[in-house]
Amino acid sequence: MDSARSSPDPRYLAGTDQVLIKLLIAGPFAVGKTTLIRAISEIAPLHTEEVMTQAGALVDHLAGVKDKTTTTVAIDFGRLTLPNNLVLYLFGTPGQRRFRLLWEDIAQGAVGALVMVDTRRLEESFEVMDLIEEAGLRYAVAVNPFPEAPTYDADTLRDHLDLHPGTPLVLCDARSRGQSLDALIALVEHVIAHMHMEPA
Amino acid sequence: MTGGRHSRRLVPAYLATGGRAHPSRNHLDRLTTLHAACEEIPVGLCPEQRGVLELIQPGALPLVDAAAYLRLPVSIVKVLVADLVSAGLLHARPPIPQATGPDLETMEKVLDGLRALKS
Ligand SMILES: Nc1nc2c(ncn2[C@@H]2O[C@H](COP(=O)(O)OP(=O)(O)O)[C@@H](O)[C@H]2O)c(=O)[nH]1
Ligand SMILES: [Mg+2]
């Protein structure tokens, strides 16, 4: 008989000793977060439906889930298994201030964030960038070059986004696995550079 | 088969918290790994608690994956998990050392792993 072990269900982790690393893929609606997660994830992206009261509290009793006065926000995520028992989790985060508690819950324990921007509406990424900076998270910025979007040189973009000189700024077509991996590599290199500077 | 015997202490444990406000849920993360602590699922659990245990019978899952498959908000699954852990039916392991986060060595391995996917 075939044992369950010979054809493991890909939904499950390879073991109970995996180290799970959280990265945020942040940015406004339709900037390409889900597209990037899909390009990288080894499983079809999953999502949770988070339920909040009008005051922004996370609903924690089952009756509250069906309450009509609550707001539901879908948060999608994907997974990438690496050697050495490491598993990357990528969470798509809209990062709106009015959903502060949800933001804190998602950002808890994150190693860093990739902020995606669309040059037609740079200002829509400001709110989540502020939240990321307030949380003390390291981040890199990925410009998703939509066909109709204007192109600016890096200095102009850095200026508009008010980026620290050390913050990576990369171009990334979110549909491309290679470019999306490059963007994550830039982020992880940046996180590591700061760990060297500020030993734990 | 399990009778009500095995679940004798579980029902009160769940009712005692009313499914809410258990302190241990504050230590649960989206990426807390869940795995089974019981071979058979006792009777007397609410359908949502049973759903969690059934889902993780074949293997370990992060809490957020369980929430996605069960179509429940993460905040609700944290409550269910906290109660199941206190009832001794579920193991919950934090993703990484919570206080420090991943260390430099771990992040170097992440970087190596990502670079290897490019070549
Ligand atoms: N041309 C182009 N379209 C993209 C790119 N990334 C995403 N899209 C499209 O933009 C739309 C919004 O992307 P989505 O990933 O759902 O955005 P999200 O709301 O940030 O998750 C989808 O129709 C994508 O197919 C890109 O790099 N180039
Ligand atoms: Mg999306």
Considering B:Leu84, B:Leu72, which residue is open to solvent by 10 Å² or more (accessible area, probe 1.4 Å) and either more than 7 Å from every other protein chain (Cβ to nearest Cβ) or assigned to a helix (DSSP H, G or I) (or both)?
B:Leu72
Could you list, in sequence order, all residues of region A:140-158 that are within 14 Å of ligand 1 (Cβ to nearest atom) and open to solvent by less than 50 Å² (accessible area, probe 1.4 Å)?
A:Ala142, A:Val143, A:Asn144, A:Ala149
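Filter region A:19-77 down to the residues that are in contact with a His (Cβ under 9 Å, 6 or more places away or on another chain) and under 14 Å from B:Ser75 (Cα atoms), then identify the one that is surrounded by the most Cβ atoms within 10 Å (Cβ to Cβ).
We begin by selecting, within region A:19-77, every residue in contact with a His (Cβ under 9 Å, 6 or more places away or on another chain); these are A:34, A:74-77.
Among the residues that remain, those that are also under 14 Å from B:Ser75 (Cα atoms) are: A:74-75.
Details: A:Ala74: 11, A:Ile75: 23.
Filtering region A:19-77 for residues that are in contact with a His (Cβ under 9 Å, 6 or more places away or on another chain) and under 14 Å from B:Ser75 (Cα atoms), the one surrounded by the most Cβ atoms within 10 Å (Cβ to Cβ) comes out as A:Ile75.
Check region A:49-61 and report whether any residue there is within 23 Å of the chain's Cα centre (by Cα), more than 16 Å from ligand 2 (Cβ to nearest atom), more than 25 Å from A:Glu127 (Cβ to Cβ) and more than 8 Å from every other protein chain (Cβ to nearest Cβ).
Step one: of region A:49-61, the residues within 23 Å of the chain's Cα centre (by Cα) are A:49-52, A:56-59.
Checking the rest, the ones that are also more than 16 Å from ligand 2 (Cβ to nearest atom) come to A:51-52, A:56-59.
Subsequent filtering for residues that are more than 25 Å from A:Glu127 (Cβ to Cβ) retains none.
No.
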So for region A:90-99 (the condition being among the aromatic types (Phe, Trp, Tyr) and either more than 16 Å from ligand 2 (Cβ to nearest atom) or more than 12 Å from every other protein chain (Cβ to nearest Cβ) (or both)), does at least one residue qualify?
yes
Name the residue that is nearest to the other protein chains (Cβ to nearest Cβ), counting only residues in region A:171-189 that are within 13 Å of ligand 1 (Cβ to nearest atom) and open to solvent by less than 40 Å² (accessible area, probe 1.4 Å).
A:Gly178
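Against the condition among the small types (Gly, Ala, Ser), within 16 Å of ligand 1 (Cβ to nearest atom) and open to solvent by less than 70 Å² (accessible area, probe 1.4 Å), how does A:Gly136 come out, does it pass? Steps first, please.
Details: among the small types (Gly, Ala, Ser): yes; within 16 Å of ligand 1 (Cβ to nearest atom): no; open to solvent by less than 70 Å² (accessible area, probe 1.4 Å): yes.
No.
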Residues A:Arg158, A:Arg175: which one is among the basic types (Lys, Arg) and closer than 23 Å to A:Val111 by Cα?
A:Arg158
Some residue of region A:102-113 being surrounded by fewer than 17 Cβ atoms within 10 Å (Cβ to Cβ) and more than 9 Å from chain B (Cβ to nearest Cβ):
yes
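With respect to A:Val128, determine if the residue is within 16 Å of ligand 2 (Cβ to nearest atom) and not hydroxyl-bearing (Ser, Thr, Tyr).
On the way: within 16 Å of ligand 2 (Cβ to nearest atom): yes; not hydroxyl-bearing (Ser, Thr, Tyr): yes.
Yes, satisfied.
Based on what the data block shows, is A:Gly95 away from ligand 1 (no atom under 12 Å from the Cβ), on the phi > 0 side of the Ramachandran plot and at pLDDT below 95? Step through it out loud before you land on a result.
Values: away from ligand 1 (no atom under 12 Å from the Cβ): no; on the phi > 0 side of the Ramachandran plot: yes; at pLDDT below 95: yes.
No, not satisfied.
The values are calculated or read from the model by the stated rules, or taken from the named source; none is laboratory data. None of these values were measured; they are calculated from a predicted model. Glycine also receives a Cβ, built like all others from the backbone with ideal geometry; neighbour counts cover every protein chain displayed. For the accessible areas, the whole protein counts, side chains as well, though only heavy atoms, and no ligand, DNA or RNA atoms are used. Shrake-Rupley method; radii C 1.70, N 1.55, O 1.52, S 1.80 Å.
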